[in-house]
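Trainee: The following block contains the structure, expressed as structure tokens.
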Amino acid sequence: MIPYLLRRSGASVLVLFGITLLTFVVFFALSPDPAVTICGKTCTPDRIETIRGVLGLDQPFLTQYGHFLQGLFVGRRYGVGENAVQCAAPCLGFSFQTNQPVLQMIAARLPQTVTVAVGAAVLWLLVGVSGGLLGAIKRGTVWDKGAMLTALGGISLPNYFLALLLQYVLVVRLQVLPFPDSSIGLTQDPVGWFESYLMPWIVLAFGYASLYLRLTRDTVLDTLSENYVRTGRAKGLPRGLLLRRYALRPSMAPVVTLFGMDFAGLLAGALIAETVFGINGVGKLAADSIATNDQPVIMAVTLLAALLVVVGNMVVDVVYTLLDPRVRISQ
Amino acid sequence: MNALLQVEHLVKEFAVSGQGLRRQTLRAVDDVSFSVSPGETVAVVGESGSGKSTSARLAVRLLDATSGTVSFAGEDITGLSGRRLNRFRGGVQVVFQDPFSSLNPKHTVHDIVTAPLRYQGRAPRRGSRSLVGDLLERVGLDPAAMDRYPSQFSGGQAQRIGIARALAVDPQILVCDEAVSALDVSVQAQVLKLLADLQLERGLGFLFIAHDLAVVRQIADTVLVMQQGRVVERGTRDEVFDRPRHDYTKTLLDAVPRINPEWEARRRAGRSASAARQDGPAHPTERTSR
Amino acid sequence: MTAPTTRPGSGTAGVPLLEVRDLQVGVPGRDGPLALVHGLSFAVDAGRTLGIVGESGSGKSMTSLAIMGLLPPGATASGSVRLRTQRHPEGEELLSAGAGRLRGLRGDRMAMIFQDPLSCLNPYYRVGVQVAEAHRVHRGSSRRQARALAVDVLGRVGIPRPHQRVDDYPYQFSGGMRQRIMIAMSLVCEPDLLIADEPTTALDVTVQAQILALLSDLQREFGTGMIYITHDLAVVSQVAEDILVLREGRPVEHGPAEQIFSDPQQDYTRELLDAVPRIDDPVPAPHLQGGTTPLRPPGTSWGGGTP
């Protein structure tokens with residue numbers, strides 16, 4: 001197991017390096033001159049030069065990349081002399097718009113994103129997996145058809161539309177929920193907190209639940225046709241035990257694998273849900289920074305997303321070996 | 001007779017994932033040599049893991065050997081590829097165990113039977129439908145079958161289609177890889193008789209891979225017994241079955257279930273006595289068994 | 001399972017353990033129900049083995065599934081299948097029993113083992129858990145008791161080092177070992193009836209011999225009545241005292257093994273026996289015909305069994 005983990009970690013690190021380089025190249029090559037952006041409307045060529053010097057934009061590409069990596073691992077200094085600013089590791093730079101350290105900006109918004117992601121994940125797992133299981137064991141009945149129809153709706157409905165629809169119906173017309181306010185902490189006002197996050201959870205969960213419902217249903221149906229299920233029935237096992245050990249457990253591997261990837265992706269910021277509901281999370285940060293071309297923030301968010309996906313991938317691989325004894329043994 | 005298909009000192013190693021960084025290898029075939037002459041049936045028997053199927057695949061170049069040589073009609077074909085290998089393929093064909101997974105379910109029987117010709121770039125002289133019709137008749141199927149799909153046939157019929165396909169290129173050697181193992185016993189008997197007739201007609205050499213020793217007894221001229229990749233015994237059929245030398249062969253032969261020979265003898269005696277008699281009643285017979 | 005005792009089973013000598021009368025099994029077909037079994041009648045005694053022999057499509061597997069109440073959804077069974085149980089010593093009708101009652105009987109009073117032991121064992125759970133499962137469910141044993149029982153049973157069926165191997169997964173065993181595990185699993189509640197559906201077909205011949213010997217020993221020890229289903233006439237001649245020959249769902253011949261083999265009455269039985277290759281006798285059977293096999297009409301299907 002350990003050699004396997006080491007091999008995978010090594011590969012993941014290489015992938016991450018590659019991603020940092022790629023991200024850097026993209027922004028280096030494609031973005032308009034950031035100095036001009038920072039400078040703003042009232043700009044003089046002198047000021048532009050100063051800014052470029054501070055940011056190190058006049059240096060060759062590899063040097064800039066080197067500074068960037070240095071900043072990530074040990075910290076770097078912007079500018080020279082007494083006006084120099086120290087940026088501790090991991091240094092993600094300073095926002096062009098607000099001049100705040102990007103790391104801080106992300107850290108401040110991470111809790112909201114995590115709340116959205118975790119809540120949605122719990123909801124979609126519960127609904128998707130149980131719905132899929134129900135559909136599989138009651139195959140062909142009205143339960144199954146109803147579940148599949150709902151799932152189809154969930155997959156086809158664009159989530160921004162669902163988000164707007166929910167807001168309109170629940171907040172504006174029926175007035176059962178207030179407009180979401182992500183600044184409410186769980187400890188200050190649990191009810192308000194719950195009310196704020198409910199709609200983003202539902203919107204996110206709806207789409208994923210549909211996918212997971214179909215996946216669970218298909219996997220469980222496959223599993224139910226396995227010979228060992230017949231053996232279980234031949235032993236006279238009660239339905240609950242049969243479902244748990246012979247239907248659900250063998251079907252979990254693909255669901256868990258997919259979940260790992262999806263969750264990692266969600267943690268990187270559910271862009272649309274956050275934007276529509278005004279949740280001040282990493283996703284909204286990403287959306288805003290793209291709109292204002294705030295390069296350091298965009299780069300940082302991209303790196304965070306990549307990191308989460310790569311780590312998520314690795315975790316999923318390890319979990320998979322734990323889930324399937326056959327894979328475990330061959331390691 | 002001169003050997004047509006000859007394999008010498010074949011070795012096949014597979015990489016098996018070991019602990020850590022050391023790669024372990026498994027010798028599925030360990031120094032196997034044999035030859036098949038025209039009109040001869042060479043049977044290779046063994047249990048699972050004996051390497052018999054792998055050996056057959058090596059002999060037909062479906063797998064590449066780790067070492068050793070394969071020759072056909074005196075020519076070394078071990079390293080051949082491309083068109084020159086295709087010529088060899090025209091001389092040796094394979095009939096597989098499971099007829100339904102070796103026949104493409106989306107193709108008509110006609111397309112299946114003519115496929116080897118097409119892949120080898122040979123167009124049949126008289127037109128393909130005529131050829132296929134003749135082949136199907138020869139293997140005991142209605143020529144109208146050529147426009148149907150494999151799923152519409154029983155196991156025995158599908159296996160006959162596989163045989164027809166193998167015969168389409170007019171090979172000299174037929175490799176039967178457990179070709180009758182998946183068939184009902186009555187169908188198996190018919191297919192074996194078909195193969196025997198074809199051998200007489202066309203002078204085919206057979207490489208017959210099987211685990212069922214009773215079947216092998218019926219059709220083999222030469223028998224090789226394999227265990228864990230090695231040939232532990234070889235000889236003529238009667239030598240191996242009546243005077244086995246290796247312990248493993250004796251174990252194998254002892255393990256085969258047999259119908260009580262007394263009962264057999266009585267049945268045979270009864271049958272010859274009633275050879276001219278009318279057949280029995282049409283209803284199922286209940287005998288008091290208590 | 002305590003020290004081995006010779007039990008005559010719930011059926012006393014001479015009185016059948018399982019009585020099947022006029023069993024019909026059908027599945028839904030394209031043009032109405034398709035009958036796979038037409039009117040079977042037979043009985044199984046405690047301590048004896050009935051061999052059900054047939055080729056593919058003979059309905060032998062369907063028969064066993066009907067007895068166990070394991071028919072696929074949509075399939076129907078009619079007739080009478082009576083099992084002698086403690087609750088109903090005169091014979092309990094299985095075909096009309098409720099699902100709960102059948103579940104209670106399965107694994108406890110009647111058990112079944114299948115052809116391919118690898119696919120028949122749950123790959124996600126340890127062997128010890130699976131072996132003792134039926135006992136925990138039907139006898140309410142605790143986890144510790146169940147584990148001790150599993151170790152004991154695995155040893156009985158010839159698994160070496162059962163204390164260690166009880167925690168292994170099915171993948172870690174060879175084919176013959178897995179079938180022994182299946183046998184252990186089926187006998188853990190000491191059922192009165194054991195149905196074995198082609199248990200050795202997928203095994204090497206040397207392993208097959210061992211498994212057949214094991215089944216015979218265990219049957220003697222527990223007095224189990226057994227139904228042995230196979231297409232292999234040589235095997236069934238060694239295993240069964242009584243034989244029932246099936247063809248396309250219909251009974252062809254039924255009687256003691258010796259009579260069936262030495263004096264078959266029906267043409268089909270004779271053809272079958274002639275077609276069996278003899279390892280000790282290289283003379284090919286005289287009746288083998290080549291000739292044209294008529295095409296089956298398109299759209300018809302073969303009922304069950306290997307192709």
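The values are calculated or read from the model by the stated rules, or taken from the named source; none is laboratory data. Keep in mind that what you see is a predicted model, and the values were worked out from it rather than measured. Cβ placement follows ideal geometry from the backbone for every residue including glycine, while neighbour counts extend to all protein chains displayed. Only protein heavy atoms, including side chains, enter the accessible area calculation; ligands, DNA and RNA are left aside. Shrake-Rupley method; radii C 1.70, N 1.55, O 1.52, S 1.80 Å.
Trainee: What's the FRET efficiency of B:Glu262 with B:Gln228 using the Cβ-Cβ distance as r and R₀ = 45 Å, to the nearest 0.05? Provide the component values of the computation, followed by the final result.
Mentor: On the way: r = 37 Å, r/R0 = 0.82.
Taking R0 as 45 Å, the efficiency between B:Glu262 and B:Gln228 is 0.75.
Trainee: Suppose accessible area is computed on protein heavy atoms with a 1.4 Å probe; arrange C:Ser119, C:Ser186 from highest to lowest.
Mentor: Largest accessible area first, the list is C:Ser119, C:Ser186.
Trainee: Over all distinct Cα pairs, what is the inverse of the mean 1/r for the stretch C:178-287, reported as the Kirkwood hydrodynamic radius in Å?
Mentor: Details: mean 1/r = 0.0649 Å⁻¹.
Value: 15.4 Å, from the Cα pair sum.
Trainee: Considering chain B as a Gaussian network with a 10 Å cut-off on Cα pairs, which listed residue, B:Pro257, B:Pro105, B:Pro171, attains the greatest mean-square fluctuation?
Mentor: Result for chain B, Cα springs under 10 Å: B:Pro257 fluctuates most.
Trainee: Which of the peptides B:117-123, C:174-180 is most tightly packed, and how do the rest follow, judged by the mean count of other Cβ atoms within 10 Å per residue?
Mentor: Values: B:117-123: 13.1, C:174-180: 21.7.
Result, highest mean Cβ count within 10 Å first: C:174-180, B:117-123.
Trainee: Any idea what diffusion coefficient chain C gets from Stokes-Einstein, in µm²/s, Kirkwood Rh on alpha carbon pairs, 25 °C, 0.890 mPa s?
Mentor: Numbers: Rh = 20.4 Å.
Answer from the Stokes-Einstein relation: 120 µm²/s.
Trainee: Could you give the length gained on full extension between A:Arg239 and A:Leu126, defined as 0.36 nm per residue of separation minus the Cα-Cα distance, in nm?
Mentor: Values: separation 113, 0.36 × 113 = 40.68 nm, distance 2.01 nm.
Gain in length upon complete extension: 38.7 nm.
Trainee: Same structure, new question: If R₀ is 35 angstrom, what is the calculated FRET efficiency for the pair B:Ser181 and B:Arg87, using the beta carbon separation as r and rounding to 0.05?
Mentor: On the way: r = 30 Å, r/R0 = 0.87.
E(calc), rounded to 0.05, equals 0.70.
Trainee: Hey, another quick one. Charges only on Cβ, +1 for Lys and Arg, -1 for Asp and Glu: so what's the dipole of the protein assembly as shown about the Cα centre, in debye to the nearest 20?
Mentor: Values: 91 positive and 84 negative charges, 204 e Å.
It works out to roughly 980 debye.
Trainee: At 1.4 Å probe size, put A:Thr50, A:Thr216, A:Thr302 in order of accessible surface, largest to smallest.
Mentor: On the way: A:Thr50 85, A:Thr216 0, A:Thr302 55 Å².
The ranking, largest first, comes out as A:Thr50, A:Thr302, A:Thr216.
Trainee: Rank B:Arg129, B:Arg89, B:Arg237 by mean-square fluctuation in a GNM of chain B with C-alpha springs under 10 angstrom and give only the top-ranked residue.
Mentor: B:Arg129
Trainee: Using the crude model of +1 on Lys and Arg Cβ and -1 on Asp and Glu Cβ, and no other charge, please compute the dipole size for the stretch B:5-280 relative to its Cα centre, in debye to 20.
Mentor: Numbers: 36 positive and 32 negative charges, 117 e Å.
So the magnitude is around 560 debye.
Trainee: Given the protein chains as shown and a 1.4 Å probe, how many square angstrom of A:Lys138 are accessible, to the nearest 10?
Mentor: Ignoring ligands and nucleic acids, A:Lys138 comes out at about 80 Å².
Trainee: On average, how much area does the Cα convex hull of the stretch C:54-185 cover when viewed from any direction, in nm²? The partial results should precede the final answer.
Mentor: On the way: hull surface 38.9 nm².
About 9.7 nm², averaged over all directions.
Trainee: Given +1 on the Cβ of Lys and Arg, -1 on the Cβ of Asp and Glu, and no further charges, what dipole in debye does the stretch A:2-87 carry about its Cα centre, rounded to the nearest 20?
Mentor: Details: 7 positive and 5 negative charges, 82 e Å.
Here the stretch A:2-87 has a charge dipole of around 400 debye.
Trainee: So for the pair A:Ile48, C:Asp280, with labels modelled 7 Å out along Cα→Cβ, what separation do we get in nm?
Mentor: Calculated label separation equals 10.4 nm.
Trainee: Write out the GluC sites (Glu not before Pro) in the stretch C:80-136 meeting two conditions: DSSP loop, and at most 16 other Cβ atoms within 10 Å of their Cβ. Kindly include the intermediate steps, with their values, before the conclusion.
Mentor: Values: sites: C:Glu90, C:Glu92, C:Glu93, C:Glu133; in loops: C:Glu90.
Hits after loop and neighbour filter: C:Glu90.
Trainee: OK, next. Calculate for chain C the 222 nm mean residue ellipticity that helices alone would give, adding -39,500 (n - 2.57) per DSSP H run of length 4 or more and normalising by residue count, nearest 500 deg cm²/dmol. Present the calculation step by step, with values, prior to reporting the outcome.
Mentor: Values: 11 runs with 104 residues, N = 307.
The per-residue figure over chain C is -9500 deg cm²/dmol.
Trainee: Shifting gears a bit: I want to verify a result. In a Gaussian network model of chain A, Cα cutoff 10 Å, which of these has the top mean-square fluctuation: A:Tyr228, A:Tyr78, A:Tyr320?
Mentor: The residue that fluctuates most here is A:Tyr228.
Trainee: Can you spot the lysines whose alpha carbon is less than 27 Å from C:Lys60's alpha carbon? Ignore those fewer than 8 places along the same chain.
Mentor: Once the sequence-local lysines are set aside, what remains near C:Lys60 is A:Lys235.
Trainee: Please list the non-local residues whose amide H lies under 5 Å from the amide H of C:Ile195, H modeled 1.01 Å from N, same-chain partners needing a gap of 5 or more.
Mentor: Placed amide hydrogens put C:Ala111, C:Met112, C:Ile113, C:Ile227 under 5 Å from C:Ile195.
Trainee: Related question: Suppose R0 equals 51 Å; then what is the FRET efficiency for B:Ser272 and C:Ser80 from their Cβ-Cβ distance, rounded to the nearest 0.05? The partial results should precede the final answer.
Mentor: Details: r = 42 Å, r/R0 = 0.82.
The pair B:Ser272/C:Ser80 has a calculated efficiency of 0.75.
Trainee: Also, quick follow-up: State the answer as a single residue: which of A:Leu14, A:Tyr246, A:Val309 lies farthest towards the positive end of the charge dipole of chain A, with beta carbon charges of +1 for Lys and Arg and -1 for Asp and Glu, about the Cα centre.
Mentor: A:Tyr246
Trainee: Now for a separate question. With a 10 Å radius around each residue's Cβ, average the other Cβ atoms per peptide and rank C:20-28, A:185-193, highest first.
Mentor: Values: C:20-28: 17.9, A:185-193: 11.8.
Averaged packing, sorted descending, gives the order C:20-28, A:185-193.
Trainee: Right, something else. For chain B, what does the helix formula give at 222 nm: sum of -39500 (n - 2.57) over DSSP H segments with n ≥ 4, over the residue count, nearest 500 deg cm²/dmol?
Mentor: Working: 11 runs with 108 residues, N = 290.
Computed mean residue ellipticity for chain B: -11000 deg cm²/dmol.
Trainee: Hey, another quick one. What accessible surface, in Å², does a 1.4 Å probe find on B:Glu40, ignoring ligands, DNA and RNA and rounding to the nearest 10?
Mentor: Here the accessible area works out near 40 Å².
Trainee: Using bins 5 angstrom wide from zero, how does P(r) for the stretch B:5-280 break down, in % of all Cα pairs?
Mentor: P(r) over the stretch B:5-280, rounded to whole percents: 1, 5, 11, 14, 16, 15, 13, 10, 7, 4, 2, 1, 0, 0, 0.
Trainee: Looking only at other chains, what is the average number of their beta-carbon atoms within 10 angstrom of each beta-carbon in A:235-246? Mind showing how you got there, number by number?
Mentor: Working: counts 16, 18, 8, 4, 3, 0, 3, 1, 0, 0, 6, 3.
Per residue, the average neighbour count from other chains is 5.
Trainee: Taking the Cα of B:Asn2, stepping 7 Å toward and past its beta carbon, and measuring to each backbone N in the stretch B:199-232: which are under 19 Å?
Mentor: Only B:203-206 pass the distance filter.
Trainee: Hey, another quick one. Packing-wise, with mean Cβ within 10 Å as the measure, how do C:247-259, C:70-82 rank, highest first? Don't jump to the answer; show the numbers that get you there.
Mentor: Details: C:247-259: 20.5, C:70-82: 15.3.
Put in order of decreasing packing, that is C:247-259, C:70-82.
Trainee: Using the Karplus curve 6.51 cos²θ - 1.76 cosθ + 1.60 with θ = phi - 60°, what ³J(HN,Hα) values do you get for each residue of the stretch C:140-149, in whole Hz, with x for Gly and Pro?
Mentor: For the stretch C:140-149, the Karplus-derived couplings read x, 6, 7, 5, 5, 4, 4, 5, 4, 4 Hz, x marking Gly and Pro.
Trainee: Add -39500 (n - 2.57) for each DSSP H run of 4 or more in chain A, then divide by its residues: what number comes out at 222 nm, to the nearest 500 deg cm²/dmol?
Mentor: Numbers: 14 runs with 232 residues, N = 331.
Helices in chain A give a 222 nm mean residue ellipticity of -23500 deg cm²/dmol.
Trainee: If amide hydrogens are placed 1.01 Å from N in the peptide plane, which non-local residues have theirs closer than 5 Å to the one on C:Ser41?
Mentor: For C:Ser41, the qualifying residues are C:Asp22, C:Leu23.
Trainee: Taking N as the number of residues in the protein assembly as shown, what is its alpha-carbon radius of gyration divided by 2.2 N^0.38 Å? Mind dumping the intermediate values first?
Mentor: On the way: Rg = 35.6 Å, N = 928, 2.2 N^0.38 = 29.5 Å.
The protein assembly as shown yields a ratio of 1.21.
Trainee: Using a 1.4 Å probe over the heavy atoms of the protein chains, calculate the carbon and sulfur portion of the accessible area of the protein assembly as shown as a whole percent. Intermediate values should be presented prior to the final figure.
Mentor: Details: 24040 of 42610 Å².
The value for the protein assembly as shown is 56 percent carbon and sulfur by accessible area.
Trainee: Show which aspartates and glutamates lie in cross-link reach of A:Lys41 when reach means a straight Cα distance below 18 angstrom and same-chain residues fewer than eight apart are skipped.
Mentor: Partners within reach: A:Asp33, A:Glu49, A:Asp294.
Trainee: Same structure, new question: Mind checking the mean number of beta-carbon atoms from other chains within 10 Å of the Cβ atoms in C:229-242? Write down the numbers at each step before the final one.
Mentor: Details: counts 0, 0, 3, 3, 3, 7, 4, 2, 6, 4, 1, 0, 1, 3.
Neighbouring Cβ atoms belonging to other protein chains average 3 per residue here.
Trainee: What are the ³J(HN,Hα) values, in whole Hz, obtained from phi via the Karplus relation 6.51 cos²θ - 1.76 cosθ + 1.60 with θ = phi - 60°, for each residue of the stretch B:171-184 in sequence order, with x given for Gly and Pro?
Mentor: Along the stretch B:171-184, the couplings run x, 9, 10, 10, 9, 10, 8, 6, 5, 10, 5, 8, 9, 4 Hz.
Trainee: Could you tell me which Cys residues in the protein assembly as shown have no other cysteine's Cβ under 4.7 Å from their own Cβ, answering none if every one has a partner?
Mentor: B:Cys176, C:Cys120, C:Cys189
Trainee: Taking each residue in C:269-278, count the Cβ atoms of any other chain within 10 Å of its Cβ, then average. What number comes out? Write down the numbers at each step before the final one.
Mentor: Details: counts 3, 5, 3, 4, 7, 6, 8, 7, 13, 7.
For peptide C:269-278, the averaged partner shielding equals 6.
Trainee: I've got another one for you. Classify the stretch A:227-331: rounded, prolate or oblate, from the alpha-carbon gyration tensor (a ≥ b ≥ c, eigenvalue square roots; a/c under 1.5 rounded; otherwise prolate if a/b is larger than b/c)? Before the final figure, lay out the partial values.
Mentor: Details: a/c = 6.59, a/b = 2.47, b/c = 2.66.
Cα axes put the stretch A:227-331 in the oblate bin.
Trainee: Give the long-range amide H neighbours of C:Leu71: residues separated by 5 or more places, or on another chain, with amide H under 5 Å away, using H modelled in the peptide plane at 1.01 Å from N.
Mentor: HN-HN under 5 Å from C:Leu71: empty list.
Trainee: In nm, give the distance between the simple-model label positions of B:Arg118 and A:Asn227, each being 7 Å from the Cα along the Cα-to-Cβ direction.
Mentor: With each label placed 7 Å out from Cα toward Cβ, I get 3.5 nm.
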